[in-house]
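J.: Input: one structure, supplied below.
Readers should treat all values here as calculations from the given coordinates under stated rules, not as data from a laboratory. Here the structure is a predicted model, which is why all the values come from computation and not from measurement. No Cβ is skipped: glycine too gets one built from the backbone with ideal geometry, and neighbour counts run over all protein chains shown.
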């Protein structure tokens, strides 16, 4: 599903240049649940941003579902993001003035889905994350766990090939974290490819494969026996 | 731009951000409101000043005499100059083609006018029929003095509106009634009104021939008044009237044996000279209000731009989220502009309507000599609304464009 070869990325900080990714080679097959681990500054978020086409690599190749992602202009990048990817952020990034339902329906709006159908679909995804009763609430009327579940529903709404989660449990307590991870596992069980960036070992344990990043390079890439989050809830 | 889905999204955003929408709208509406009111008052001032100058025909020349101040051909200074009918007749005949209206005027001093028990002291003057037009008087009732009255020495009188109000009971018809001027019966034939107001309306006119005969005026006249035929432009009119007044002055000085450099004996008030000053003043007033208006628009544009900048800044994070969810840059720009144009247009028209209503209903209530009937050219007002909307859109476009171009990752980091 995802193929990355020799990926480099550096940031300019004034006159200095900070080399963040130093040649990453990395493959993800369909249906995998991969966690990317590393201490802060290891480049894991940068990698995720490049995977999510939110940021561009300096060198190297990136293929997503057979499409070479290269020299994208904003318009095509937006189209690809909408078609291929669903994002889950640490800070949820829900639009504050829109209800849970409207937030979930937003990617569908950008797909050009008509309003009625949009609402029906968004509602079914909200049901899937167990928040059908909260559809009319604004984000600030929801708990952290609920917000993240809305965000997950939103990420799923456009039916993407890959879900990218950047520290999805970073702002949550452990109990809620496990609930969210449980939801992610369930979605993965249905065959969806998911990448999770985390620095919490217990969260990483709940994926099927752990990729360890240090100083911009992959130092370890191991398949693990998945711990079901449900056990901890 | 016009698809239903976009409109739904815009309305949704507006509904959920009432305060922001209200504040944007308020600044636009108040800008337009202030501008229209200003332009209205400017127009009102111009109207008011025009009225002040409209008391007499705009190009009237008024001639009166005084005493000589210089000795000339053996005649002492301090001699009173008395104009005669011949002076008027000669001038009228000589300039027959150039003159539009002409009249001599004989004043009856100490004219006490009474009707039954009411009486008052008014300016009583003998005039020719043209005098109505020289004074810009309008008839409320009856008619003005005519040539037949003059030929037949008719004892008829035309009253100013104030004189009528003073002497006659309200709504009593004065036409055909007899009043006494210095004890002599005159028949009322008309009531006139004058844009000069009460002062001008407290005058009484009788035929000049009657005045001279009844009040012992012989062939004396006190004043002459002329207007020239209209010219195609102001400069020509001014030149013609200057030429006429110079010739007339020379003629009068010759016939009355006055030193050519004596500027006391003959006075000619050429109102075109004054009109020029008046038109200059009008232009100044016009320029001033346009200046103020343009500054107001600029202030409005700056205000709208400011708000648009803040709105886009405030929405940077939202824009990042939308981009991460697959919004194309054009759709972001479209969304911001669509909303801002929609809000500024509605608000602009609200401001326009409120200010026009205010001018319409409060304007006529303003009672001061210098502001009359404030009004505004609707097209001008409409144009300003569009300028403000376009300016708002332009001001919104650049931040929106920039916001649409920043990478979503940067926008998402924005706190």
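J.: Does the protein assembly as shown come out rounded, prolate or oblate by the C-alpha gyration tensor, with a ≥ b ≥ c the root eigenvalues, rounded set by a/c under 1.5 and, if not, prolate when a/b is larger than b/c and oblate if not?
T.: In terms of gyration-tensor shape, prolate.
J.: P(r) of the range B:60-271 in 5 Å steps, Cα pairs, percent per bin?
T.: Histogram of Cα-Cα distances, whole percents per bin: 1, 7, 14, 18, 17, 15, 12, 8, 5, 2, 1, 0.
J.: For the range B:347-415 and the range A:122-181, write down the distance between their C-alpha centroids in whole Å.
T.: 42
J.: No solvent, one uniform scatterer per C-alpha: report log10 I(q)/I(0) for chain B via the Debye equation at q = 0.06, 0.15 1/Å, two decimals.
T.: The calculated log intensity ratios at q = 0.06, 0.15 Å⁻¹ are -0.47, -1.27.
J.: Taking a virtual spin label 7 Å from the Cα of residue B:386 along the C-beta vector, which residues in the range B:288-304 bring their backbone nitrogen under 11 Å of it?
T.: Those under the cut-off are none; the list is empty.
J.: For an R0 of 60 angstrom, estimate the FRET efficiency from the Cβ-Cβ distance between residue A:141 and residue B:366 and round to the nearest 0.05.
T.: Computed FRET efficiency for residue A:141 and residue B:366 comes out at 0.65.
J.: What fraction of the DSSP beta bridges in the protein assembly as shown is antiparallel, stated in percent and rounded to the nearest 5?
T.: Rounded to the nearest five, the antiparallel share is 70 percent.
J.: Determine the shielding of peptide A:91-100 by partner chains: average, over its residues, the number of Cβ atoms on other chains within 10 angstrom of each Cβ.
T.: 4
J.: When the expected Rg is taken as 2.2 N^0.38 Å, what fraction or multiple of it is the alpha-carbon Rg of the range B:283-415?
T.: 1.41
J.: Can you give the calculated 222 nm mean residue ellipticity of chain B, where each DSSP H run of n ≥ 4 adds -39,500 (n - 2.57) and the sum is split over every residue, rounded to the nearest 500 deg cm²/dmol?
T.: After summing the helix terms and dividing by residue count, I get -18500 deg cm²/dmol.
J.: Return the tail of the calculated pair distribution for the range B:163-270, meaning the percent of Cα-Cα pairs more than 22 Å apart.
T.: Counting every Cα pair in the range B:163-270, those more than 22 Å apart make up 58 percent.
J.: Once you average over the residues of A:79-89, how many Cβ atoms of partner chains fall within 10 Å of each Cβ? Can you show the working numbers first?
T.: On the way: counts 2, 1, 7, 6, 1, 1, 3, 3, 5, 0, 3.
What the average comes to for A:79-89 is 3.
J.: While we're here: Under 19 Å from the 7 Å Cα→Cβ point of residue B:172, by amide nitrogen: which residues of the range B:99-128?
T.: Output list for this probe position: B:112-122.
J.: Starting with the fewest neighbours, write out B:292, B:191 ranked by other beta-carbon atoms found within 10 Å of each beta-carbon. It would help to have the intermediate numbers written out before the result.
T.: Working: B:292 16, B:191 23.
So the ranking, lowest neighbour count to highest, is B:292, B:191.
J.: Further question on the same structure: Roughly what would the spin-label model give for residue B:288 and residue A:59, points 7 Å off Cα along C-beta, in nm?
T.: Going by the 7 Å Cα→Cβ label model, 7.3 nm.
J.: Multiply the residue gap between residue B:140 and residue B:251 by 0.36 nm, knock off their C-alpha separation, and tell me the result in nm, one decimal place.
T.: Full-extension gain reported as 36.1 nm.
J.: Also, I was wondering about something else. So what's the projected area for the range A:25-65, the Cα convex hull averaged over all directions, in nm²?
T.: For the range A:25-65, averaging the hull's shadow over all directions gives 3.4 nm².
J.: Please work out, to two decimal places, the log10 of the ratio I(q)/I(0) at q = 0.08, 0.10, 0.13, 0.17 Å⁻¹ from a Debye calculation in which every Cα of the range A:1-146 carries one identical scatterer.
T.: -0.30, -0.46, -0.75, -1.09
J.: Whole angstrom only: what separates the Cα centroid of the range B:142-190 from the Cα centroid of the range A:60-120?
T.: Comparing the Cα centres of the range B:142-190 and the range A:60-120, I get a distance of 92 Å.
J.: Taking 41 Å as R0, compute the FRET efficiency from the Cβ-Cβ separation of residue B:330 and residue A:231 and round it to 0.05.
T.: Rounded to the nearest 0.05, the efficiency is 0.25.
J.: Pop a pseudo-label 7 angstrom from the Cα along the beta-carbon direction at both residue A:208 and residue A:91 and give the gap in nm to one decimal.
T.: 3.3
J.: Would any residue of the range B:284-319 have its amide N under 18 Å from a label point 7 Å out along Cα→Cβ of residue B:12? List them or say none.
T.: B:315-319
J.: Using the count of nearby Cβ atoms within 10 Å as a rough guide to exposure, how do B:171, B:246 rank from fewest to most?
T.: Neighbour counts put them in this order, fewest first: B:171, B:246.
J.: Report, as a whole number in µm² per second, the diffusion coefficient that Stokes-Einstein gives for the range B:77-203 at 37 °C and 0.692 mPa s using the Kirkwood radius over alpha carbon pairs.
T.: On the way: Rh = 15.7 Å.
Rounded, D is 209 µm²/s.
J.: Further question: To check you understand DSSP bridge types, tell me what percent of the beta bridges within the range B:60-271 (both residues inside) are antiparallel, rounded to 5.
T.: Around 80 percent antiparallel, to the nearest 5.
J.: If you don't mind, another one. Rounded to the nearest 0.05, what FRET efficiency do residue A:173 and residue B:5 have when you use their Cβ-Cβ distance and R0 = 45 Å?
T.: 0.70
J.: What is the Cα centroid distance between the range B:266-307 and the range B:85-134, reported in whole angstrom?
T.: When both Cα centres are located, 38 Å separates them.
J.: Hey, how much of the P(r) for the range A:98-158 falls beyond 16 Å, as a percent of Cα pairs? Spell out each step's value before the answer.
T.: Working: 550 of 1830 pairs.
For the range A:98-158, the share of Cα pairs beyond 16 Å comes to 30 percent.
J.: Related question: With the Cα gyration tensor of the range B:218-287 in hand, give its eigenvalues times 5 under a square root as the equivalent ellipsoid semi-axes, listed largest first in whole angstrom.
T.: 29, 13, 12
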